[in-house]
Amino acid sequence: MTTTVLSDASRATVASPAGFIERRIWGGQLWVRAGFERKLPLNRESLEAAFRRAPGVHTFSGRGSCYSIPVGTSDRVVLRHYHHGGLLAPLTGDLFWGPTPRPLVEMQVSEQLRSRGVLTPEVLGMFWRYCGLWFYEADLVTREVTSSVDLAKYLLSSWNVPAQKKQRRQVIETVGRALLGMHEAGLDHPDLNLRNLLVQRVGQHIDIWVLDLDKARIVDPLPESFRLGQLRRLQRSLDKLSKSGTLADSRDRMVFLRSYWGPQFKQSRRRRAGFE
């Protein structure tokens, strides 16, 4: 088995991507996808401040804040300011260290996944500003996935609703197939959880999108142990978020597992242990 991983060495060689326009602004570097360079607000002291104060802004809470604003007549874009999580967050805040800023790595992973058929928001802009000794702060701008809700909210809102029973099963089956496709594309997502999976419904069509690739990498092919590890992380996310309300039962889990493993479902109890 040959495994290809985006190593630290390869990350250090990320070049200016094709299709992006470069600008020096706010003491840092901004790359914007061609066609959007005149659509992003650049009239404040930082990109985050410009988004935060833009007309029609929506704010999403999480690890730090994300801001969604309208651009043009039909698009919306989302800015995510990189911020640490965990116990050290109060100390490290939004400062990161390294020769290659995280937005560039995330863009590279995103483009590879999109080329392999994985649904993940298109990267439209990246900003970073070094503060000395390879410490930097950074932002990522992506196209918003409209008509969508994160998987946790969907499962909670559709729980025990008879009118949504059929659609709920379809969504769970689609999640299983989508996650299988992500793994076949080599996605190793260390922060896979219900809130990083978006359910998009347009009419009767359902799509599943994956978010927050800042720590993700491509491992080709993805070992089964990695797949099982991500399934267990998804299970832990379900258990944690279920404390605020029922999200799924054993039948939902079986629907997911049968969809993910397909004909291989009954071949190994070890596989089934990943999400039970």
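The values are calculated or read from the model by the stated rules, or taken from the named source; none is laboratory data. Keep in mind that what you see is a predicted model, and the values were worked out from it rather than measured. Neighbour counts run over all protein chains shown; Cβ positions are idealised from the backbone, glycine included.
For the range 138-147, residues that are at pLDDT 95 or above and over 15 Å from V32 (Cβ atoms) total 2.
With (1) in contact with a His (Cβ under 8 Å, 6 or more places away or on another chain); (2) under 26 Å from V219 (Cα atoms); (3) not charged (D, E, K, R) as the list, and V105 as the residue in question, which single condition is left unmet? With (1) in contact with a His (Cβ under 8 Å, 6 or more places away or on another chain); (2) under 26 Å from V219 (Cα atoms); (3) not charged (D, E, K, R) applied to V105, the lone miss is (1). Of all residues in the range 144-163, those satisfying the criterion of being assigned to a helix (DSSP H, G or I), surrounded by fewer than 15 Cβ atoms within 10 Å (Cβ to Cβ) and either in contact with an Asp or Glu (Cβ under 6 Å, 6 or more places away or on another chain) or not hydrophobic (A, V, I, L, M, F, W, C) (or both) are S157, P162.
Conditions tested, residue by residue: (1) at pLDDT below 95; (2) of a type in the set (D, E, K, R); (3) surrounded by fewer than 16 Cβ atoms within 10 Å (Cβ to Cβ).
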position: S7; (1), (2), (3): yes, no, yes
position: A15; (1), (2), (3): yes, no, yes
position: F20; (1), (2), (3): yes, no, no
position: E37; (1), (2), (3): yes, yes, no
position: E45; (1), (2), (3): yes, yes, yes
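Across the range 131-143, the number of residues qualifying as closer than 18 Å to F51 by Cα and not in a strand (DSSP E or B) comes to 0.
The rows are residues; the columns are (1) surrounded by 17 or more Cβ atoms within 10 Å (Cβ to Cβ); (2) touching a residue at least 24 places away in the same chain (Cβ under 8 Å); (3) within 16 Å of the chain's Cα centre (by Cα).
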| site | (1), (2), (3) |
| --- | --- |
| L198 | yes, yes, yes |
| R201 | no, yes, no |
| Q204 | no, no, no |
| I208 | yes, yes, yes |
| L211 | yes, yes, yes |
| A216 | yes, yes, yes |
| P221 | no, yes, no |
| R227 | yes, yes, no |
| L234 | yes, yes, yes |
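Return yes when S74 is under 24 Å from L238 (Cα atoms) and surrounded by fewer than 20 Cβ atoms within 10 Å (Cβ to Cβ) and no when it is not. No. Checked against the criterion of being farther than 15 Å from L213 by Cβ and modelled with pLDDT under 90, the range 50-60 has at least one qualifying residue. Screening D139 on (1) outside the structural domain of L95 (by TED's automatic domain parsing); (2) touching a His at 6+ places or on another chain (Cβ under 7 Å) shows it passes everything except condition (1). A search for C-beta distances below 6 Å between a residue of the range 42-61 that is farther than 25 Å from D150 by Cα and any residue that is among the acidic types (D, E) and at pLDDT 90 or above, counting only pairs 6+ apart in sequence or on different chains, returns L47/D139. Restricting attention to the range 212-236, the residues that are acidic (D, E) and under 17 Å from N196 (Cα atoms) add up to 2.
For (1) modelled with pLDDT of 95 or more; (2) part of a loop (DSSP other than H, G, I, E, B), each residue gets a yes or a no:
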| position | (1), (2) |
| --- | --- |
| T73 | no, yes |
| V78 | yes, no |
| L91 | no, no |
| P99 | no, yes |
| L119 | yes, yes |
| G125 | yes, no |
| R129 | no, no |
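No other residue among R129, R102, R114 is of a type in the set (D, E, K, R), free of Cβ contacts under 8 Å to residues at least 40 places away in the same chain and assigned by TED's automatic domain parsing to the domain that holds Y82 apart from R114.
Is there a residue in the range 110-118 that is closer than 23 Å to R217 by Cα, among the charged types (D, E, K, R) and surrounded by 21 or more Cβ atoms within 10 Å (Cβ to Cβ)?
no
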